[in-house]
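A.B. asks: My questions all concern the structure below.
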Amino acid sequence: NTDWREVVTSSGSGGVTAESVTFDEEKYKITTATVDSLSGTQTVDSFSTNDYTVAKYIVKASDSTSITCSELLLVCTASGVEMTQYGVLGNTSLVSFDADVASSVASLSATTDQTNVDLSIYKFLLG
């Protein structure tokens, strides 16, 4: 069923809370992550390229004075990983991202020259 819509309840509350949701025998997976106090360069996510070949991230980064959000797409091929970032809003210099693949593991890293940058990440994986 591809017809997704919100369901209103009489109490005005409801929903699902989960750290990870997997559909159709792990061909699709949605996860969330939080990185508190990012400084310098840090790996913020990784996944097996044996299980998944495409990732989409929605990322929010903030510090005490600014905020930014963007989306990233990664595709893992036999020759490595390709990445694009788009929809960048807010303080575009707050954080930058890079990706690589080693030993069948794709990694997303974030770099900032600020201190105490908080990241919230929504990740969608496709097999």
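Coordinate-derived values only; no laboratory data. Because the structure is a prediction, the values reported are computed rather than measured. Virtual Cβ from ideal backbone geometry, glycine too; neighbours counted across all protein chains shown.
A.B. asks: What is the diffusion coefficient of region 41-97 in µm²/s, taking the Kirkwood radius over Cα pairs and the Stokes-Einstein relation at 4 °C with a viscosity of 1.567 mPa s? Working shown, then result.
C.D. replies: Numbers: Rh = 12.7 Å.
Taking Rh from Cα pairs, D becomes 102 µm²/s.
A.B. asks: Here is a follow-up. Calculate how large, on average over all directions, the projected area of the Cα convex hull of region 77-127 is; give the answer in nm² to one decimal.
C.D. replies: Values: hull surface 19.3 nm².
That works out to 4.8 nm².
A.B. asks: While we're looking at this one, here's another question. Net charge near Val95: determine it from the other residues with C-beta under 12 Å of the C-beta of Val95, scoring Lys and Arg +1 and Asp and Glu -1.
C.D. replies: Details: positive: Lys60; negative: Asp63, Asp98, Asp113, Asp118.
Around Val95, the surrounding residues sum to -3.
A.B. asks: Can you pull out the trypsin sites (Lys or Arg not before Pro) in region 26-126 that DSSP calls coil and that have at most 16 other Cβ atoms within 10 Å? Don't skip to the end; give the middle numbers.
C.D. replies: Values: sites: Lys27, Lys29, Lys56, Lys60, Lys123; in loops: Lys27.
For trypsin sites (Lys or Arg not before Pro) across region 26-126 that sit outside H, G, I, E and B with at most 16 neighbouring Cβ atoms in 10 Å, the list reads Lys27.
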